[in-house]
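Taking it in order: structure first as structure tokens, then the write-up.
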Amino acid sequence: MATDCIFCKIVAGEIPSDKLYQDELVTAFRDIRPVAPVHILVIPNAHSSSVTEMGDGDAATLGRIVAVANQLAKQEGVSKSGFRLLCNAGPDAGQVVYHTHFHLIGGRELGPMVAR
Ligand code: DGP
């Protein structure tokens, strides 16, 4: 656990969150600033500052994140309508919280990813 990390504190239950799922590897909770009707964060319990620190050794955790995201997408009713599962890494991506996390976003038409 990283002492000053807000997501580590959510995993540990030290600060409140709308938690939807937790097991020995991952935790899922609703984003505090939702950009769509469904906006859930799925995160590894163990601290890493971004996905750039993850790799082969994290296969079980990354697999669990995808499985949990798929399960939650079903529960939230967006599995068939569609959703995005995305991870911001670093400043150009707009990463704000430096504890690896995946956004599960859906419940409205999200629009195309436009080329610039
Ligand atoms: P990113 O830009 O990918 O680092 O997104 C960080 C997300 O984390 C952002 O959508 C807002 C969310 N967030 C930040 N602080 C908290 C918090 O204390 N609780 C919850 N539930 N979400 C948070």
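The values are calculated or read from the model by the stated rules, or taken from the named source; none is laboratory data. Here the structure is a predicted model, which means the values were calculated and not measured. Glycine also receives a Cβ, built like all others from the backbone with ideal geometry; neighbour counts cover every protein chain displayed.
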### Query
If you take the residues of region 15-26 that are away from the ligand (no atom under 11 Å from the Cβ) and closer than 20 Å to residue 49 by Cβ, which of them is surrounded by the fewest Cβ atoms within 10 Å (Cβ to Cβ)?
25
### Message
For region 1-14, give me each residue that is touching a residue at least 12 places away in the same chain (Cβ under 8 Å) and either part of a strand (DSSP E or B) or near the ligand (Cβ under 9 Å from one of its atoms) (or both).
### Response
6, 7, 10
### Task
Please determine, by comparing only the residues of region 73-102 that are surrounded by fewer than 20 Cβ atoms within 10 Å (Cβ to Cβ) and closer than 24 Å to residue 24 by Cβ, which one is nearest to the ligand (Cβ to nearest atom).
97
### Task
Taking the residues in region 58-72 that are of a type in the set (S, T, N, Q) and in contact (Cβ under 8 Å) with a residue 24 or more places away in the chain as candidates, determine which candidate is surrounded by the most Cβ atoms within 10 Å (Cβ to Cβ).
61
### Message
Given the condition touching a Cys at 6+ places or on another chain (Cβ under 7 Å), modelled with pLDDT of 95 or more, not polar (S, T, N, Q) and not in a helix (DSSP H, G or I), answer yes or no: does some residue in region 82-94 qualify?
### Response
no
### Task
Take the residues in region 27-60 that are in a loop (DSSP other than H, G, I, E, B) and within 13 Å of residue 99 (Cβ to Cβ), then tell me which one is farthest from the ligand (Cβ to nearest atom).
46
